[in-house]
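So the structure is just underneath, and the comments pick up after that.
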Amino acid sequence: MSFAPLQIDPAVLAEGVNLMWVLVVTFLIFFMHAGFAMLEAGQVRSKNVANQLTKNLLTWSVGVVMFFLIGSGISSLVGGSGFASAALVGSSGDWVGWLFGAVFAMTAATIVSGAVAGRAKLRAYVTYTILLAAVIYPVVTGLTWGGGFIASLGYQDFAGGMIVHGMGGIAGLTAAWVLGPRIGRYNKDGSVNVIPGHSLTFAVLGTLILAFGWYGFNVGTAATVFAVEDGALTLGAFSYVGRVAMTTTIAMACGAIGASAVSLIKTGKVDTLYVANGLLAGLVGITAIPDTTTWWGAFVVGGIAGAQLPIVFGFVEKRLKIDDVCAVFPVHGSAGVIGTLLFPFVATSSALEGTTMVGAFIDQVVFVVIVAGWTIAATALVFGVLKAIGQARVTPEHERDGLDISEHGVDTYPEFGVDDGVATDGGS
Amino acid sequence: MSFAPLQIDPAVLAEGVNLMWVLVVTFLIFFMHAGFAMLEAGQVRSKNVANQLTKNLLTWSVGVVMFFLIGSGISSLVGGSGFASAALVGSSGDWVGWLFGAVFAMTAATIVSGAVAGRAKLRAYVTYTILLAAVIYPVVTGLTWGGGFIASLGYQDFAGGMIVHGMGGIAGLTAAWVLGPRIGRYNKDGSVNVIPGHSLTFAVLGTLILAFGWYGFNVGTAATVFAVEDGALTLGAFSYVGRVAMTTTIAMACGAIGASAVSLIKTGKVDTLYVANGLLAGLVGITAIPDTTTWWGAFVVGGIAGAQLPIVFGFVEKRLKIDDVCAVFPVHGSAGVIGTLLFPFVATSSALEGTTMVGAFIDQVVFVVIVAGWTIAATALVFGVLKAIGQARVTPEHERDGLDISEHGVDTYPEFGVDDGVATDGGS
Amino acid sequence: MSFAPLQIDPAVLAEGVNLMWVLVVTFLIFFMHAGFAMLEAGQVRSKNVANQLTKNLLTWSVGVVMFFLIGSGISSLVGGSGFASAALVGSSGDWVGWLFGAVFAMTAATIVSGAVAGRAKLRAYVTYTILLAAVIYPVVTGLTWGGGFIASLGYQDFAGGMIVHGMGGIAGLTAAWVLGPRIGRYNKDGSVNVIPGHSLTFAVLGTLILAFGWYGFNVGTAATVFAVEDGALTLGAFSYVGRVAMTTTIAMACGAIGASAVSLIKTGKVDTLYVANGLLAGLVGITAIPDTTTWWGAFVVGGIAGAQLPIVFGFVEKRLKIDDVCAVFPVHGSAGVIGTLLFPFVATSSALEGTTMVGAFIDQVVFVVIVAGWTIAATALVFGVLKAIGQARVTPEHERDGLDISEHGVDTYPEFGVDDGVATDGGS
């Protein structure tokens, strides 16, 4: 009696299907750059739009190259596996993994650009991006997902609520603080001038592109459709992927509702930008814990993350007097920290097995403090040095004229706004 | 002689792969909200853009929460399976199914916002959205996909040509009729003023985002890549997925061509907005029947759905004198009804097995009449009550000033259009 | 002793999973039309935006129908398999394959619209699109991917760096040359006037949408997740998919960096549009060879493709005096040719097995010359005939007024720019 050779190796099957899923979600996460570009462009003055767009394009381009050559190696080094840069490892599967990591890294990087809008020099921003992609962010992932020190203590951050968003939001706030506010943002008596962005439509478009990509970010972090256990094919992370998708959706919705409610209470109106940013804050809030949170916990986390947005935004603006142009701290920073810290209070019972609510909370606090401390220190150092050598901010004249002209030599909307009298083709 | 344990259970394999496919298309369908937001924003005056954007954000946010807590339960209740709300069911797979249903529900909901633009109160719109997501739409799905009364009679609606789009378009027309037209839309002599939207670019962007998401909507409704029959793995809906993809594509194209042709005949020019909305009408037209239609049938359905658009739009505007701002009835309502009713005349022979052309047509007419009747009655009731208590429309002053200021306290484009004289940061 | 029947046929498994992957990437590639629409709309004057948008909508709609009825058959005919039009073949799987081919074809078609912006008659453009989709492009694919003459000689073009992008860019340049420049583009003394596009924001949005879709374009061309060899399931193209994803990413990044560097050297500033178009040129550059290029080769190809952009753009504008409005030749044409020709110099050693560097280079040159020659001849013939019968360009009056009014009867931004004094609803 003879048998046919093994026809389907479960490992091959799992590898192919998992690769497909990871590639698809990686593309979705990449698309978040379009979201950030539109969200940020919409929130700045028309004279600074091209600068914001250029920063977004270069964040991805410069950042991904640095992360390929150096950052991926630093992450593995800090994680204890030696300097395994993606340029040195050579397999097809490794490169998919690298790209999957890269789109998370570039998300952290691009958050900062929204905070420093309207006055940072392009070269200062690019310098910081290089260092963030090569060192600052990789140290954080090395310590955590890479298996380093924080991992040895224990922590929970499924898709980067703290590692990516909290880190990016805190870095943005730090950079904005070192740079100082835009001219005209504060009066001599300390009172605040609102400088509205030039297009709510682009801002909301960016919001919805981000939400779309976020499904890749959170649900995609359930990266294994299949696993192989004892030689048999099983569902891997897909055994709980529905919870991730559900909590992500509910928290997003409750973020928008929470911010709307606070806006309505504070001003009697539903501010569109608060709704949009609240929706994003809800997403940030759940990002650390979508796999472990109960359905009612998603309402709590999303609602709080959204509701805190107008309040923290006002605190940063009026108390700290930091000019965080695109509200990246309330959206990414405080929402990320809050969601990370809420873990033990909204988790399913099985997620807390082997620990206690207090123990888990302490782990989260330690994790947040280390990541925040490192991020603040590294960011303040880089921008502090740039400031000390006079390379952090454009000149006041350039800032008044707008960074589009001074840094890029372009006019984003040459036919609109203040008429520049130029029409070279015989018409409007 | 011993055997290794079963290595690959076909049921596990099918579950993982099907989950992946459903998640991917669910994300695509979610992204249609960005499409609706841009399409509608582009078709309204600049003073009402933020209002339109806010309604889109809140449709999703409020609607999905209501559908989670109540709507999903109402649907299963009407379908005869008891009140199985997604908050009560608890498995990962159930939540994927819920989210897949939710993105269809929210599509129906958001269609209405385009019809009532420029004069509905935000609280009126949100109230209607709550009721639509919790009751009105779930009753329709319970009667049909959920296995209720209409299902027992027999009907054909693959991806919601009638259930989602026809229902949404009819609801929008009803709401616009109850609300009455925008100030200035009609003169005292009954003649019509055209109120052009503020940006064709955003409208076309929205169109193309919607077409992208529609591939998820239609092709994704072929939701089972694999099935298990007699213990063996087979292609599920993917045995005919190519037909769905092909007819969807051809009908989309012929919708644009049909609308272009009628526009050219009527005015001598190819109106951009008719081309865009014609493309969408072609998609709506095929949505009930992409799995059963012949290739030439896709040309017929798409062509008719596109060609009827300018004609029905004119009829609604000039005869019915209903101010359907974003043309949601000709795009979603009449196109959805027409496509649904064309089923027996363009179907493949196998799709009509066990019935006759006349029998199938009668089934479709009954289906359309019940869904339309319920939708008109429920929508007229809700907006009628809101109107009776003076909560349906903003005041004439607010309408003239624009809903952005009155309802949201924002200016969508503070640097463009009519100069508001505000420039707080020392430049343009 | 009895055995259960075969539970999982590897061929069924591979078919289902491969179909899913091809459908997903097809949707992504389709979405590139939104990218082209935005990129091109942003780069034209506000008086020509609706014309550009309409051309994009009709390129897809008219083109896909022609490719369904005729083009797919011409391709197979030229490839030696007889006239197998998608309307004649009838299986579900065939139609997925047709749609996958169609989205590549429509990409080639739509590139041309950017070159002829602002003066081509709509009917001229649509006529050309019909011929491109039915004959011109299918001849190219028949000769190559379809197994025709060039395939018999040997060549390398993985995802259409030459077949799609090179062809489209060369066609665009040819069409722009035959049409002549826009009024006012050149002065009598031969000096050049810059006519800036109306919105950098839309242009960058389009760039990022294109980059998103490009992952489908390149990585998706690794179309077989699984293959079946000797009855056993193996990874198909997914055995090297990571290289495709990595080289695509690195070349994209280096394209942006290369164009930025040249822009900075030439003008002292980083021109936003060069960065965006450089990113795209990097993608075009790698598209022929993402599966065979070393990691350092991706840096080389992307960097060169980006760096040549400002230089070739200047050459076309100032030396050739061709008014290629959206820079489609430097982005798609020269970048595509360069990347195709660089194949042997950056390839992995295994990719050159069985040939020599010189032999492979000669193959590429012959391939490029044949495709370019055919494209130039066919395009010049079509636009030459249209010009001879006075149907190629709009009248000078219409060009001055803008094509939106003259060809489409619409105003893209009725509330912005030059005030048209119309406000029918009592407000701004």
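The values are calculated or read from the model by the stated rules, or taken from the named source; none is laboratory data. Bear in mind that the values here come from a model prediction, so they are computed numbers and not experimental data. Neighbour counts run over all protein chains shown; Cβ positions are idealised from the backbone, glycine included.
Values as computed for the structure displayed
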{"read-out": "Within the stretch A:334-362, considering residues that are part of a loop (DSSP other than H, G, I, E, B) and not polar (S, T, N, Q), the one nearest to A:G278 (Cα to Cα)", "value": "A:E353"}
{"read-out": "Candidates A:A211, A:A124, A:A133 - the one that is under 23 Å from A:G285 (Cβ atoms) and among the hydrophobic types (A, V, I, L, M, F, W, C)", "value": "A:A211"}
{"read-out": "Unique match (being aliphatic (A, V, I, L, M), part of a helix (DSSP H, G or I), within 30 Å of A:G148 (Cα to Cα) and at pLDDT 95 or above) among A:A37, A:A50, A:A133", "value": "A:A133"}
{"read-out": "A:S239 vs. criteria touching a helix residue (DSSP H, G or I) at 6+ places or on another chain (Cβ under 8 Å) and under 24 Å from B:A133 (Cβ atoms)", "value": "no"}
{"read-out": "Yes/no for A:A281 being more than 10 Å from chain B (Cβ to nearest Cβ), surrounded by fewer than 24 Cβ atoms within 10 Å (Cβ to Cβ) and either touching a residue at least 12 places away in the same chain (Cβ under 8 Å) or closer than 18 Å to A:T207 by Cβ (or both)", "value": "no"}
{"read-out": "Breaking point among (1) in a helix (DSSP H, G or I); (2) more than 13 Å from the chain's Cα centre (by Cα), for B:M106", "value": "(2)"}
{"read-out": "Candidates C:G142, C:G242 - the one that is without any contact (Cβ under 8 Å) to a residue 24 or more places away in the chain, assigned to a helix (DSSP H, G or I) and either within 14 Å of chain A (Cβ to nearest Cβ) or crowded, with 24+ Cβ neighbours inside 10 Å (or both)", "value": "C:G242"}
{"read-out": "All positions within the stretch C:220-236 that are touching a residue at least 40 places away in the same chain (Cβ under 8 Å) and out of contact with any Leu (no Cβ under 6 Å at 6 or more places or on another chain)", "value": "C:G220, C:T221, C:A222, C:A223, C:T224, C:V225, C:A227, C:V228, C:G231, C:A232, C:L233, C:G236"}
{"read-out": "Subset tally (residues that are closer than 21 Å to B:T129 by Cα and in contact (Cβ under 8 Å) with a residue 24 or more places away in the chain) for the stretch B:74-84", "value": "5"}
{"read-out": "Matching option when the condition is touching a Cys at 6+ places or on another chain (Cβ under 8 Å) and of a type outside the set (S, T, Y), among A:A115, A:A102", "value": "A:A115"}
{"read-out": "Failed item in (1) at the interface with another protein chain (Cβ under 7 Å from one of its Cβ atoms); (2) assigned to a helix (DSSP H, G or I), with B:Y274 passing the rest", "value": "(1)"}
{"read-out": "Residue in the stretch A:196-208 that is in a loop (DSSP other than H, G, I, E, B), at pLDDT 95 or above, within 7 Å of another protein chain (Cβ to nearest Cβ) and buried (at least 24 other Cβ atoms within 10 Å of the Cβ) present", "value": "yes"}
{"read-out": "Residue in the stretch B:342-352 that is under 19 Å from B:Y186 (Cα atoms) and within 14 Å of chain C (Cβ to nearest Cβ) present", "value": "no"}
{"read-out": "Unique residue being in a helix (DSSP H, G or I) and more than 8 Å from every other protein chain (Cβ to nearest Cβ) when the list is C:V89, C:V96, C:V126", "value": "C:V126"}
{"read-out": "Some residue of the stretch C:331-341 being over 23 Å from C:A256 (Cβ atoms) and hydrophobic (A, V, I, L, M, F, W, C)", "value": "no"}
{"read-out": "Of all residues making up the stretch B:250-267, the number that are over 15 Å from C:T54 (Cα atoms), hydrophobic (A, V, I, L, M, F, W, C) and within 9 Å of another protein chain (Cβ to nearest Cβ)", "value": "1"}
{"read-out": "Checklist (1) more than 7 Å from every other protein chain (Cβ to nearest Cβ); (2) touching a helix residue (DSSP H, G or I) at 6+ places or on another chain (Cβ under 9 Å); (3) over 30 Å from A:A392 (Cβ atoms) applied to A:D230, failing item", "value": "(2)"}
{"read-out": "In the stretch A:295-322, residue nearest to the other protein chains (Cβ to nearest Cβ) [restricted to those that are outside any helix (DSSP H, G or I) and out of contact with any helix residue (DSSP H, G or I) (no Cβ under 6 Å at 6 or more places or on another chain)]", "value": "A:K321"}
{"read-out": "Residues of the stretch B:213-224 classified as surrounded by fewer than 24 Cβ atoms within 10 Å (Cβ to Cβ) and either over 16 Å from the mean Cα position of the chain (by Cα) or facing chain C (nearest Cβ under 7 Å) (or both), total", "value": "2"}
{"read-out": "Residues (more than 8 Å from chain C (Cβ to nearest Cβ) and of a type in the set (A, V, I, L, M)) located in the stretch A:31-66", "value": "A:M32, A:L39, A:V44, A:M66"}
{"read-out": "Unmet requirement for B:D411, which otherwise passes all of (1) closer than 17 Å to B:A175 by Cβ; (2) surrounded by 15 or more Cβ atoms within 10 Å (Cβ to Cβ)", "value": "(1)"}
{"read-out": "Candidates A:V410, A:V331, A:V371 - the one that is assigned to a loop (DSSP other than H, G, I, E, B) and either hydroxyl-bearing (S, T, Y) or touching a residue at least 40 places away in the same chain (Cβ under 8 Å) (or both)", "value": "A:V410"}
{"read-out": "Qualifying positions in the stretch A:146-177 - surrounded by fewer than 24 Cβ atoms within 10 Å (Cβ to Cβ) and polar (S, T, N, Q)", "value": "A:S152, A:Q156"}
{"read-out": "Tally, over the stretch B:387-405, of residues that are within 11 Å of chain A (Cβ to nearest Cβ) and surrounded by 20 or more Cβ atoms within 10 Å (Cβ to Cβ)", "value": "2"}
{"read-out": "Contacts under 6 angstrom Cβ, first residue in the stretch C:336-349 being aliphatic (A, V, I, L, M), partner part of a strand (DSSP E or B), 6 or more apart", "value": "C:V346/C:T293"}
